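Heads up, the thing below is written out as structure tokens.
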Amino acid sequence: MKNIVLLGCTGSIGTQTLEVVEKLKDKFRIIALAAGKNIKLLKEQIIKFKPKYVSVADFDDMKLLEKEFSKIKFFCGEDGLYEFANIPETDIFVVATNGIVSVKATIKAIENKKTIALANKETLVMAGDIVMKKAKENNVSIIPIDSEHSAILQCLNKQDNPYAKNLWITASGGPFLNNTREEMAKFSAKEALKHPRWMMGKKITIDCATLVNKGLEVIEAHHLYNFNYDNIKVVIHPQSIVHSFVEFCDGSFLAQMGVPSMHIPIQYALSYPERFEGIKTNSFNIYNKKLEFFEPDFEKFPLLKLTIDCGKKGGLMPAILNAANEVAVYKFLNNEINFLDIEKIIFSEVKNAKNILNPTLDEIFDIDKKIRKELL
Ligand code: MN3
């Protein structure tokens with residue numbers, strides 16, 4: 001029985017993680033849940049999973065919950081997440097929060113030698129050098145929850161495989177794959193949110209439409225698997241059945257396939273290196289499937305190249321791009337700007353940015369804050 005701490009329990013990955021745990025309740029037990037402000041859903045989860053520890057964003061919510069659930073130890077705010085990193089009986093620390101709120105807690109959990117199952121993008125995009133160095137020093141595994149990185153891990157067979165030559169990250173291409181840029185400029189947030197294959201949160205769905213998401217995944221893969229950027233390729237695969245592949249030195253390609261469902265990478269992150277029967281067992285029909293692979297169009301999706309370039313430059317650049325992107329996507333979702341304005345905002349921010357190499361965590365957080373303040 002493995003004890004799970006779950007940060008971000010009411011989000012898209014969080015709720016699916018709980019579905020996996022419910023299906024495999026003889027193998028996994030939820031001991032701690034951290035939510036933001038969705039208290040209604042959190043209460044249902046508390047009743048169902050009976051955690052020992054619960055953390056919420058606001059102090060007032062914590063006080064109300066304390067009255068209702070007297071046996072649970074409650075925490076709140078960023079401090080609450082940090083306290084979660086110190087829970088001694090944790091086996092797997094699942095990070096499914098959005099944004100940077102959990103980065104310090106994740107680093108603390110690594111220092112406490114807890115296995116990390118990581119769905120949060122900002123952790124590696126913004127602070128990949130710092131986080132991976134800590135993980136190495138503490139001999140801690142960081143198991144990705146994202147489908148592409150999970151696929152790569154499954155093909156590599158272990159995190160460090162000397163025979164792997166190139167990582168090939170698949171991308172569905174998003175909802176605008178077959179549209180012109182003129183057409184893209186006219187699409188509303190509502191249309192951009194119709195992702196052809198994956199059910200996800202709003203922010204990441206827009207990141208799939210701009211292909212920023214794929215660029216961020218390249219940066220994450222660089223950190224997770226210690227690969228040079230020149231050896232990480234993006235390939236458009238509209239069917240989203242192959243979740244990524246690895247090219248080996250002898251010319252072999254290994255791919256991982258399955259239905260496009262986050263349940264599989266979530267479950268693999270919890271069961272790694274074992275495998276169990278789970279929610280998606282037997283749900284994939286391989287017959288009559290057509291698989292296509294295309295080269296990405298960097299001219300139509302200039303943010304893909306820009307994002308990877310920011311990764312190559314390193315230092316503060318990924319954090320700068322990430323913050324500018326988040327604000328721009330927020331404005332687009334709010335119908336304040338059109339779809340192509342997202343790239344205008346990000347390009348101008350990146351162009352004017354001053355980079356620092358090997359920044360501290362505080363320098364990374366400061367630049368994040370500064371850019372959000374500037375742009376909002
Ligand atoms: Mn992905």
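Here the simple spin-label model places points 7 Å from the Cα toward Cβ, and for Lys133 and Asn335 these points are separated by 4.7 nm. Projecting label points 7 angstrom from Cα along Cα→Cβ for Tyr163 and Asp250 puts them 0.5 nm apart.
In this structure, the amide hydrogen of Ile100, modeled 1.01 Å from its nitrogen in the peptide plane, lies closer than 5 angstrom to no residue at least 5 positions away or on a different chain.
Note that the range 17-23 has calculated 3J(HN,Hα) couplings of 4, 5, 5, 5, 5, 4, 5 Hz, one per residue in order, obtained from phi through the Karplus relation 6.51 cos²θ - 1.76 cosθ + 1.60 (θ = phi - 60°); glycine and proline are x.
In loop segments of the range 244-344 as defined by DSSP, the chymotrypsin sites (Phe, Trp or Tyr not before Pro) with at most 16 further C-beta atoms inside 10 Å of their C-beta are Phe276, Phe284, Tyr287, Phe293, Phe298. Close amide H pairs (under 5 Å, H built 1.01 Å from N) link Ile143 with Ile116, Ala117, Leu118, residues at least 5 positions away or on another chain. Amide H contacts of Ala171 (H built 1.01 Å from N, in plane; Pro and chain starts excluded): Val235, Ile236, His237 sit under 5 Å, all sequence-distant by 5 or more or on other chains. Rounded to whole numbers, the Karplus 3J(HN,Hα) couplings from phi for the range 295-307 are 6, x, 8, 6, 7, 6, 10, x, 5, 5, 5, 4, 5 Hz, using 6.51 cos²θ - 1.76 cosθ + 1.60 with θ = phi - 60°, and x at Gly and Pro.
For the range 212-277, the set of GluC sites (Glu not before Pro) satisfying both a DSSP loop assignment and a count of at most 12 other C-beta atoms within 10 Å is given as Glu274, Glu277. As a proxy for reagent exposure, Thr123, Thr90, Thr281 were ordered by neighbouring Cβ count within 10 angstrom, fewest first; the result is Thr281, Thr90, Thr123. Among the lysines of the range 122-190, pairs at least eight places apart or on separate chains and with Cα atoms under 25 Å apart come to 5. Its DSSP H runs of at least 4 residues, each contributing -39,500 (n - 2.57), put the calculated 222 nm mean residue ellipticity of the chain at -14000 deg cm²/dmol, to the nearest 500.
Report the full-extension gain for the segment Asn358 to Phe294: residue separation times 0.36 nm, less the Cα-Cα distance, to one decimal in nm.
Extra length from Asn358 to Phe294 when fully extended: 19.5 nm.
FRET efficiency for the Thr281 to Glu22 pair, using the beta carbon distance and R₀ = 25 Å, is estimated at 0.95.
Taking the Cα centre of the range 149-375 as reference, the dipole from Cβ charges on Lys and Arg (+1) and Asp and Glu (-1) amounts to some 380 debye.
Between Lys73 and Lys202, full extension at 0.36 nm per residue minus the direct alpha carbon distance yields a gain of 43.3 nm. Restricting the GluC sites (Glu not before Pro) of the range 82-139 to loop positions (DSSP other than H, G, I, E, B) with no more than 11 neighbouring Cβ atoms within 10 Å leaves Glu89. Structure remark: mean-square fluctuation, Gaussian network model of the chain, C-alpha springs under 10 Å; the largest value among Lys52, Lys289, Lys121 belongs to Lys289.
Within the shell of other residues whose beta carbon sits under 11 angstrom from the beta carbon of Glu274, the net charge comes to +3, with Lys and Arg scored +1 and Asp and Glu -1. In order along the range 258-267, the Karplus-derived 3J(HN,Hα) couplings, from 6.51 cos²θ - 1.76 cosθ + 1.60 at θ = phi - 60°, round to x, 5, x, 9, 5, 4, 5, x, 5, 5 Hz, and Gly and Pro are given as x. When every Cα-Cα distance of the range 2-120 is counted in 5 angstrom steps from zero, the calculated P(r) takes the values 2, 13, 26, 27, 20, 10, 2 percent.
Note on Lys43: lysines with a C-alpha under 21 Å away, same-chain residues under 8 apart excluded, are Lys23, Lys25, Lys52, Lys63, Lys67, Lys71, Lys73.
Local charge for Val5 was computed over the other residues whose Cβ lies under 11 Å away, with Lys and Arg +1 and Asp and Glu -1, and equals +1.
Each reported figure results from applying straightforward, stated rules to the coordinates on display, with no laboratory input. Note that the structure is predicted; figures quoted are calculated from it, not measured. Every residue, glycine among them, receives a Cβ derived from its backbone with ideal geometry; neighbour counts consider all protein chains shown.
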